[in-house]
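One structure is given here, and the rest of the page talks about it.
Where a number appears in this text, it was derived from the coordinates with a stated rule and is not lab data. The shown structure was predicted, so the numbers you read here are calculated from the model rather than taken from an experiment. Cβ atoms come from the backbone with ideal geometry, glycine included; neighbour counts cover every protein chain shown.
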């Protein structure tokens, strides 16, 4: 069987093709061909849908009496795959399409309908131009205007393309980077302004004055100099306590510490009985969390100072005399205890 698969056949030297008898062709002879459905359709008998490009074994014949510009028209016969009903369609060289004749109906095709409508409008326009010369002139002016618009659009596209070809990529990147840096700087500036506004609104006193910021060069803050003008604070030479100008009935200055100075200065003043009697043993109690300390002061200078204060003080009231006697009795008891301890 391999010799039948070759492309060329052997012809002997004495072969004469003229001696072969001619085959008589039958009139309206049909030929079997293999084709695909040129369009989608559905069978009229059973309603089966036949998709486009479905393969069929068909019979082909030439249509008698129909031609288009010396072009023959052919008819094809196929059968429905479901009910085997015969379906026929023929060529349409005028529209470069096929026409369904019998046994099936062609499905709707939007592109085909648009093409048919466009052709119909074209024919109608030609008829109008033939009957109305002014209409033909108007149509020609409109077409020329459309052509000019199309040419202008093409020129614009060409110039745009030429401009893009001349663009340097590095230059474009530099411009983009500069623009981005500029925007970032602007955002930082706006953010700093907002922070300054918030700081000004926050660091303001009740009077509306801004709080002044200390320079970073100052290592130690002089509390006395900062609070002197605000609270009228004075310092004594003997002890480092802050005193106001308030005095009691004996002429002795009292300590009136403002709330802001709480915790800055912690020192007890000597009671009045110490100034009267000279030498006093002080007993102070502290919280359980701290250690108890007892301080005894014996200074002749303090006694002299107390005497001067007593001379300058006004006369004492009965309540003051009783207080003085109470302190003296307390001191005498302490002295007796000391004497008993010594013995």
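If you scan the stretch 80-117, which residues turn out to be under 21 Å from residue 55 (Cβ atoms), without any contact (Cβ under 8 Å) to a residue 12 or more places away in the chain and out of contact with any strand residue (DSSP E or B) (no Cβ under 8 Å at 6 or more places or on another chain)?
Once the filter is applied, which keeps residues that are under 21 Å from residue 55 (Cβ atoms), without any contact (Cβ under 8 Å) to a residue 12 or more places away in the chain and out of contact with any strand residue (DSSP E or B) (no Cβ under 8 Å at 6 or more places or on another chain), the stretch 80-117 yields only 84.
Condition (residue is within 22 Å of residue 112 (Cα to Cα) and touching a strand residue (DSSP E or B) at 6+ places or on another chain (Cβ under 9 Å)) applied to the stretch 63-70: is it met by at least one residue?
Yes.
Residue-by-condition table, conditions (1) in contact with a strand residue (DSSP E or B) (Cβ under 6 Å, 6 or more places away or on another chain); (2) surrounded by 12 or more Cβ atoms within 10 Å (Cβ to Cβ):
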{"site": "5", "(1), (2)": "no, no"}
{"site": "11", "(1), (2)": "no, no"}
{"site": "15", "(1), (2)": "no, no"}
{"site": "18", "(1), (2)": "no, no"}
{"site": "24", "(1), (2)": "no, no"}
{"site": "40", "(1), (2)": "no, yes"}
{"site": "43", "(1), (2)": "yes, yes"}
{"site": "52", "(1), (2)": "no, yes"}
{"site": "75", "(1), (2)": "yes, yes"}
